[in-house]
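Participant: What follows is a single structure, and I will ask about it in a moment.
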Amino acid sequence: MKKFQFTLDRIKQYRMQLEEMEKNDLAALRAELTQLIEEEEDIKKAISVKTEELRRIYRRGAFPNEISVANRFLTLRKQELELKRREIVEKNIEIEKKLEDVLEATKEVKKLEKLEEHQLEEYRERETKENESFLEEFFGGNKQVAAAKQ
């Protein structure tokens, strides 16, 4: 009997490649999210530092232009922080969609693996029946030869 060959092996290999690509894309998106979160933290730190600096300026007494510049800086950084938070939300949505794609690709691969297991099981059953049939013919033929000699 010829060697077992899964009939949909090429499709399975293709699906496995797709699954791997989806997983790589997901990992890249997660890395981008991590970068965005780090940038958000940097902005928060800059706001905190400038807020403390503005408090010192108020305490020591300052010129109006110093206060104005510090307030504009804070306003810009807060706007930047809000934009960064929106980017993070959008990136999370993108990650959720990609995660669904990964799960779907994984399901497709699992389906093909189960089908392959089923085909292999059928192959082994046919192989066992062929071997049994061969043995019956071989030993059955020997009994007939022995009976003819007597």
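The values are calculated or read from the model by the stated rules, or taken from the named source; none is laboratory data. Please read these numbers as outputs of a predicted model, since none were measured by experiment. Counting neighbours? That spans all protein chains shown, and the Cβs are built from the backbone with ideal geometry, glycine included. The area values use the complete protein model at the heavy-atom level, side chains included, leaving out ligands, DNA and RNA. Shrake-Rupley method; radii C 1.70, N 1.55, O 1.52, S 1.80 Å.
Participant: If the Cβ limit is 7 Å and pairs must be 6+ apart or interchain, which residue in segment 1-20 that is more than 18 Å from residue 107 (Cβ to Cβ) and in a loop (DSSP other than H, G, I, E, B) pairs with which residue that is of a type outside the set (Lys, Arg) and open to solvent by 80 Å² or more (accessible area, probe 1.4 Å)?
Facilitator: Going by the 7 Å Cβ cut-off, the qualifying pairs are 1/130.
Participant: Considering segment 83-119 alone, what residues qualify as being among the polar types (S, T, N, Q) and in contact (Cβ under 8 Å) with a residue 60 or more places away in the chain? Before the answer, list the steps.
Facilitator: First, pick out the residues of segment 83-119 that are among the polar types (S, T, N, Q): 92, 106, 119.
106, 119, listed by residue number.
Participant: Is it the case that segment 134-146 has a residue that's more than 22 Å from residue 25 (Cα to Cα) and modelled with pLDDT of 90 or more? Let's see the steps before the verdict.
Facilitator: As a first pass, look at segment 134-146 and keep what is more than 22 Å from residue 25 (Cα to Cα): 134-146.
Filter once more, keeping what is modelled with pLDDT of 90 or more: none.
Checking segment 134-146: not a single residue is more than 22 Å from residue 25 (Cα to Cα) and modelled with pLDDT of 90 or more.
Participant: Within segment 76-89, take every residue that is open to solvent by 70 Å² or more (accessible area, probe 1.4 Å) and not acidic (Asp, Glu) and give me the one that is nearest to the chain's Cα centre (by Cα).
Facilitator: Within segment 76-89, the match that is nearest to the chain's Cα centre (by Cα) is 89.
Participant: Being of a type in the set (S, T, N, Q) and surrounded by fewer than 13 Cβ atoms within 10 Å (Cβ to Cβ) is the filter; apply it to segment 93-145 and report the residue that is farthest from the chain's Cα centre (by Cα).
Facilitator: For segment 93-145, the residue satisfying everything is 144.
Participant: Would you mind finding the one in 46, 70, 62 that is surrounded by 13 or more Cβ atoms within 10 Å (Cβ to Cβ), over 26 Å from the mean Cα position of the chain (by Cα) and free of Cβ contacts under 8 Å to residues at least 12 places away in the same chain?
Facilitator: Answer to the check: 62.
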